[in-house]
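Down below is the structure, laid out as structure tokens.
The values are calculated or read from the model by the stated rules, or taken from the named source; none is laboratory data. Just so we're clear, the structure is a prediction, and the values are computed from it rather than from any experiment. Glycine gets a Cβ as well: all are built from the backbone with ideal geometry, and neighbour counts include every protein chain shown.
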Amino acid sequence: MSIAKEFELMKLKLAQAEIMNVFVTEEKLSVELTDGRTIIVPILWFPRLAYGTMQERQNFELLRDGIHWPELDEDIGLLTLLLGRGMGESPQSLQQWLEQRQQKQINKGESLWCSSLLAIENVRVENV
């Protein structure tokens, strides 16, 4: 078979492939396709998933040709998985995301801390 015909066959198979289920563990991303194939890759291929909590990893949106994690701002395309490619993000972009994530966590922690202080003050006022 010629390279051109193989390429056309590959494009046809890709066009027919759809994501059916996704499973994420601490170590692996497993994607089941409607054609019966299962793709399993290390979660370390996608650092945003690796840095995410299990709750964040479980919050994803299934697309026909990819997966989106809104809380992690991560998108992984089916083509990326089929070709066995890992992270396509630059180190600078990942570093910027990590800094933003850290700042959000600090702000969230401050917000929770302030809420806790307010709750304690309300209890004190009510008991006076």
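Per-structure values
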read-out: Number of positions in the stretch 40-69 that are in a loop (DSSP other than H, G, I, E, B) and at pLDDT below 95; value: 5
read-out: Failed criterion for Ile43 (all others in (1) surrounded by 13 or more Cβ atoms within 10 Å (Cβ to Cβ); (2) at positive phi hold); value: (2)
read-out: Those residues of the stretch 1-59 which are in contact with a Lys or Arg (Cβ under 9 Å, 6 or more places away or on another chain), β-branched (Val, Ile, Thr) and free of Cβ contacts under 8 Å to residues at least 40 places away in the same chain, in sequence order; value: Val24, Thr25, Ile40, Ile43
read-out: Number of the condition not met by Arg85 [criteria: (1) modelled with pLDDT of 80 or more; (2) surrounded by 11 or more Cβ atoms within 10 Å (Cβ to Cβ)]; value: (1)
read-out: Selection status of Met20, modelled with pLDDT of 90 or more and surrounded by fewer than 17 Cβ atoms within 10 Å (Cβ to Cβ); value: yes
read-out: Residue, surrounded by the fewest Cβ atoms within 10 Å (Cβ to Cβ), within the stretch 57-68, restricted to residues that are under 8 Å from the mean Cα position of the chain (by Cα) and closer than 25 Å to Gln16 by Cβ; value: His68
